[in-house]
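Okay, so here's the structure we're looking at.
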Amino acid sequence: SQGMPLQTYSQADVTAATRALSGWSNHWEENLPQSNFANFGKPMRAYEEHHDKGEKKLLGTTLRAGQSAEQDLNQVLDILMAHPNTAPFVSIRLIQNLVSSDPSPEYIQRVAAVFQVSSGNLGDTVKAILLDPEARRGDNPKIKPSGGRMKEPLLHTLGLLRAMGCRAMVRNFENPNEPIWISQNRFSPGSVFGFVSPFHRAPQSLTLAPEQRLLNTSELSRRAGNLNWLIRNGEKQFVDAGCELGALTAAASTSDEHLIQLLSERMFRGAMPVVLQSGARQLLRDPETASKPPLEKVISLMGVLSITPSYGVVQ
């Protein structure tokens, strides 16, 4: 009644869920290789001797004593699926990661309805997310989208590699067993909730913008100069990964317009904004840039274009 959020669950519910999910672990087998020490290819296994078989009460529902680990697990899932918060909770998280950081309540409601009707079928849910009118607004280049999500560092770098036509991950020239350096360690988020809080809002506008927390001065500086630095120090690694440096340098050697058109297709789906095209021409005509070899022209222009909002926001 006072506009404050209502608590969905208590610490007692957390404890009950923990007890209900006890006993599950990796499918341990003897003589596993070190590279697969936890038997990652097989589903987790229930070890009944480590499962709490006592009675539990979760979100107002009783899980009777004596149930197996699998029985408790299935009942926990049934309880969560029946809770009215689950569908919108899952829907907004998926939408934020796939389409828009700040989806409308109507968008969330439409996706949540599919989640509920399909009994949580993620294929149906993702299809509803990606085909929703709010997600398809950016299909028409003539319509300026008003939503989207900022590219986090990992997606930003992968997008540039895709624009260069790379067929494999570029290896780190200092350590060939590792991919090229990216400021976002893909396997080490700060918490179980990911790299950023899904509740972070942009200053002043208070728009939901979780990924903005990752865009600091250091990251923007990296985006502006990292590609140039990487290719200068490890051009062979880009060639080995199948990156089409030749196609890009050929366009730069032909004319400024050919290069701008190619980067428009590869970085902006053929719809590079007019103001960016104008800026690209000015950059390429600058005496310092114009005197550079074709490959350096390419990476200089890609670096500048990559830090613009038009490229940095997925729409």
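A few points about this structure:
- Filter pass, Ser101 being among the hydroxyl-bearing types (Ser, Thr, Tyr), outside any helix (DSSP H, G or I), closer than 18 Å to Pro198 by Cβ and within 22 Å of the chain's Cα centre (by Cα): yes
- Contact map, the stretch 11-26: first residue over 13 Å from Glu48 (Cβ atoms), second residue surrounded by fewer than 18 Cβ atoms within 10 Å (Cβ to Cβ) and among the hydrophobic types (A, V, I, L, M, F, W, C), Cβ cut-off under 6 Å, separation 6 or more or different chains; pairs are Asp13/Leu59; Asn26/Ala38.
- Pairing residues of the stretch 221-237 that are farther than 14 Å from Arg171 by Cα with residues that are open to solvent by 40 Å² or more (accessible area, probe 1.4 Å) and modelled with pLDDT of 80 or more, at Cβ distances under 6 Å and at least 6 apart in sequence or on separate chains, gives Arg223/Ile307; Ala224/Ile307.
- Looking across the stretch 293-309, the residues that are under 14 Å from Arg223 (Cβ atoms), open to solvent by 50 Å² or more (accessible area, probe 1.4 Å) and in a helix (DSSP H, G or I) come down to Val304, Pro309.
- Qualifying residue in the stretch 112-135 (condition: buried (at least 17 other Cβ atoms within 10 Å of the Cβ), in contact with a Ser or Thr (Cβ under 9 Å, 6 or more places away or on another chain), of a type in the set (D, E, K, R) and farther than 29 Å from Ser218 by Cβ): yes
- Residues located in the stretch 16-56, provided they are surrounded by 13 or more Cβ atoms within 10 Å (Cβ to Cβ) and outside any loop (DSSP other than H, G, I, E, B): Ala16, Ala17, Arg19, Ala20, Trp24, Arg45, Ala46, Lys56
- Residue, most open to solvent (accessible area, probe 1.4 Å), within the stretch 258-292, restricted to residues that are assigned to a loop (DSSP other than H, G, I, E, B) and touching a residue at least 40 places away in the same chain (Cβ under 8 Å): Arg269
- Scan of the stretch 175-187 for residues that are of a type outside the set (A, V, I, L, M) and open to solvent by less than 70 Å² (accessible area, probe 1.4 Å), ordered by number: Asn175, Pro179, Ser183, Gln184
- Taken over the stretch 4-15, residues that are part of a loop (DSSP other than H, G, I, E, B) and open to solvent by 50 Å² or more (accessible area, probe 1.4 Å) amount to 6.
- Identity of the residue in the stretch 220-246, surrounded by fewer than 17 Cβ atoms within 10 Å (Cβ to Cβ) and in contact with a Ser or Thr (Cβ under 8 Å, 6 or more places away or on another chain), that ends up farthest from Ile307 (Cα to Cα): Asn228
- In the stretch 197-219, residue least open to solvent (accessible area, probe 1.4 Å) [restricted to those that are outside any helix (DSSP H, G or I) and within 16 Å of Pro153 (Cα to Cα)]: Ala209
The values are calculated or read from the model by the stated rules, or taken from the named source; none is laboratory data. All values reported here derive from a predicted model rather than from experimental measurement. For neighbour counting, all protein chains shown are included, and Cβ atoms are generated from backbone atoms with ideal geometry for every residue, glycine included. Side chains included, ligands, DNA and RNA excluded: accessible areas come from the protein's heavy atoms. Shrake-Rupley method; radii C 1.70, N 1.55, O 1.52, S 1.80 Å.
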